[in-house]
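Each remark here refers to the structure printed beneath this line.
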Amino acid sequence: MADGTGRLRTADLDDVPAVVALVERAYRGEASRGGWTTEADLLEGQRTDAASVAELVGAPGSAVLLLEEDGALLACCHVRVLPAAGGPRRAYVGMVAVDPARQGGGTGRAVLDAAVERARGLGARVLEMTVITQRTELVAWYERRGWRRTGEQRPFPYGDERFGRPRRDDLAFDVLERSLAGPSAGP
């Protein structure tokens, strides 16, 4: 891996509880404040659940990538091919989560690079993701890795507690894209 540690593999249904725990730890509650990717000031409640993760693990054209070290789950990322809509084949990247204790040391970059390579292997030429608009520091991190804002925004699913309980009423998602025409982007 890019940071010199870890083993990459694809999740199976037995991994669902560990993936859910990692995603929750990375984004919600007090544990998330140990890293820099917390959404705890924007949302409370869950970020995902076992049924949603199991659906991602089992869906055709979809993979949840896991980065582990000594049996511990350090990071995960979801990659799926998007339905054809004309133009170059596209893939979606989401659920990028890194254990708060490992954030800032290259672990996130390593799992994101693995997602890019997986998408390339699936024939994708363009990647897409959504990031909460108010997460400016996270958007900037992705931009340093070759992603760009498209100018499109998508609404936050207010009222659907599967995605958490918003602490503010102005949440939305920025759509980011990345071309897979060249090598992985910088540090």
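The values are calculated or read from the model by the stated rules, or taken from the named source; none is laboratory data. For clarity, every value in this text was computed on a predicted model and none was experimentally measured. Here the Cβ is made from the backbone with ideal geometry for all residues, glycine too, and neighbour counts use every protein chain on show. The protein model used for the area step is the full one, side chains on, heavy atoms only, and it has no ligands, DNA or RNA in it. Shrake-Rupley method; radii C 1.70, N 1.55, O 1.52, S 1.80 Å.
Rolling a 1.4 angstrom probe over the protein heavy atoms, how many square angstrom per residue are accessible across the chain?
Per residue, the chain has 47 Å² of solvent-accessible surface.
With the contact rule set at Cα under 8 Å and sequence spacing of 6 or more, what percent relative contact order holds for region 61-187?
For region 61-187, the relative contact order is 22 percent.
Could you give the length gained on full extension between ASP70 and ARG167, defined as 0.36 nm per residue of separation minus the Cα-Cα distance, in nm?
Once the chain is fully extended between ASP70 and ARG167, it gains 31.2 nm.
Can you sort TRP147, TRP141, TRP36 by solvent-accessible area, 1.4 Å probe, largest first?
Accessible-area ranking of TRP147, TRP141, TRP36, largest first: TRP36, TRP141, TRP147.
Would you please give the FRET efficiency between THR136 and ASP14, computed as 1/(1 + (r/R0)^6) with r the Cβ-Cβ distance and R0 = 30 Å, to the nearest 0.05?
Calculated transfer efficiency: 0.25.
So, taking all protein chains as they sit and a 1.4 Å probe, how much accessible area belongs to ASP41, in Å² rounded to tens?
100 Å²
Residues with amide H under 5 Å of LEU82's amide H, sequence separation 5 or more or different chain, H placed in the peptide plane at 1.01 Å from N; which?
ARG90, ALA91, TYR92
Accessible surface of GLU24 in the full protein assembly, 1.4 angstrom probe, to the nearest 10 Å²?
40 Å²
(i) 60, 42, 27; (ii) 41, 38, 32; (iii) 57, 36, 28: which one is Cα extents along the principal axes in Å as calculated from this entry?
It is the one labelled (ii).
Leaving ligands, DNA and RNA out of it, work out the accessible area of PHE163 with a 1.4 Å probe and give it in Å² to the nearest 10.
It works out to around 80 Å².
Would you mind telling me the share, in percent, of accessible area of the chain contributed by carbon and sulfur at probe 1.4 angstrom?
Using a 1.4 Å probe with all protein chains present, the chain comes out at 51 percent carbon and sulfur.
Between exposed trypsin sites (Lys or Arg not before Pro) in the chain, where DSSP calls loop and at most 13 other Cβ atoms lie within 10 Å, what's the longest gap?
34-143
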